[in-house]
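Undergrad: Questions regarding the structure given below will be posed in turn.
Read-outs: derived from the displayed coordinates by stated rules, not from any lab. Owing to the predicted nature of the structure, the values given are computational and were not obtained by experimental measurement. Note that each Cβ is placed from the backbone with ideal geometry, even for glycine, and that neighbours are counted across all protein chains shown.
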Amino acid sequence: MSYDTIDLTVENGLARLVLNQPEAGNPFNARFCEEFGQVGNALGARSDIRAILLTARGKFFSVGGDIRMFASSLDTLPSDILLWTQGLHMGMARLKRLDAPLVAAVHGICMGGGVAMVAGCDVVYAGRSARFGAAYPQIGYSCDAGASFGLASRMSIARARRFLLFNEMLSSEQAGECGLADFVVDDAALTETAEKAALQLAAGPTRAFGAIRRLIDKSLRQPLEAQLEDEAQLLSACAASADAREGITAFVEKRAPKFVGR
């Protein structure tokens, strides 16, 4: 399936999801929100996705919400936003439900919804020229696209609150220091480095990765006893997988495991 605002390809278990409105700065407009939901559906329906690499074309990673679109429909914005976030949030939720880890490579300006999307990824690489902006309060808005969860998870609740309330703009180094970015690399090496990491994850034990992702996401939202039981149940399920059998066999045979994602 082809899209107007997103370029999606899948090869050898790696899904490359590219924001593809470079001339406009990859805004979160109505069409993008709709198509992002479709992408979530498409990837969720496949059994061969073992990692996802999120990148963007053009000068900016994303300018965030399409302000011109907002300005053209001020009277209907409340209902329009419910429609736009329907697709956007569905896409985010379905990507988070996958076993496949998400890797982001961020260059240039990354604002608003773009920051929220990046914060929801498992591993974030930032080019040295990257800049991360809260953006929402500047136009009198709260946040969307999972920003409140992703930023709090990465930066701590207090730091995320400050980032949003004061409409901060962070350099790549500052993003790295507060946990928004995991690795800061030279711009010229950004794509290659992030893709190498994504390919490494795509060759790993996908079901185990999915279990780890789900356990970490709920770790501070339920009692310890519930978390321990979830750990036991998911570990047991992983033990029944082909990859777990291969991992143990390879360890005993003193060779590198060859995981297949099952």
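Undergrad: Remind me, what semi-axes does region 6-202 give for its equivalent ellipsoid, largest first in whole Å, using sqrt of 5 times each Cα gyration tensor eigenvalue? Can you show the working numbers first?
TA: On the way: eigenvalues 113, 85, 46 Å².
The three semi-axes for region 6-202 are 24, 21, 15 Å.
Undergrad: What angle do you read, to the nearest 10 degrees and between 0 and 90, between the alpha-carbon axis of helix 206-218 and the longest principal axis of the chain?
TA: Approximately 50 degrees, to the nearest 10.
Undergrad: Oh, and also: Checking a compactness column here: for region 92-168, what do you get for Rg(Cα) / (2.2 N^0.38 Å), N being the number of residues? Let's see the in-between values first.
TA: Details: Rg = 12.2 Å, N = 77, 2.2 N^0.38 = 11.5 Å.
So region 92-168 has a normalised radius of gyration of 1.06.
Undergrad: Additional query: Using the scaling law 2.2 N^0.38 Å as the reference, what is the normalised Cα Rg of region 206-252? Write down the numbers at each step before the final one.
TA: Details: Rg = 12.1 Å, N = 47, 2.2 N^0.38 = 9.5 Å.
Against the empirical 2.2 N^0.38 Å value, I get 1.28 for region 206-252.
Undergrad: How far, in degrees from 0 to 90, does helix 224-239 lean away from the longest principal axis of the Cα atoms of the chain, to the nearest 10?
TA: 60 degrees
Undergrad: I'm checking a number: the convex hull volume of the Cα atoms of region 110-262, normalised per residue, in Å³. What is it?
TA: Roughly 131 Å³ of hull volume per residue.
Undergrad: Could you please rank ILE67, ILE52, ILE216, placing first whichever residue has the fewest other Cβ atoms within 10 Å of its Cβ? Kindly include the intermediate steps, with their values, before the conclusion.
TA: Details: ILE67 15, ILE52 25, ILE216 11.
The most exposed by this proxy come first: ILE216, ILE67, ILE52.
Undergrad: Hey, what number do you get for the chain at 222 nm if only DSSP H runs of n ≥ 4 count, each worth -39500 (n - 2.57), divided across all residues, to the nearest 500?
TA: Values: 11 runs with 125 residues, N = 262.
That comes out to -14500 deg cm²/dmol.
Undergrad: Evaluate the charge dipole of region 206-252 about its Cα centre and quote only its size in Debye, nearest 20, assuming +1 on the Cβ of each Lys and Arg and -1 on the Cβ of each Asp and Glu.
TA: 160 debye
Undergrad: Among DSSP beta bridges whose residues both lie in the chain, state the antiparallel percentage, nearest 5. Display every interim value, and only then the final one.
TA: Values: 9 of 31 bridges.
If we restrict to bridges inside the chain, about 30 percent are antiparallel.
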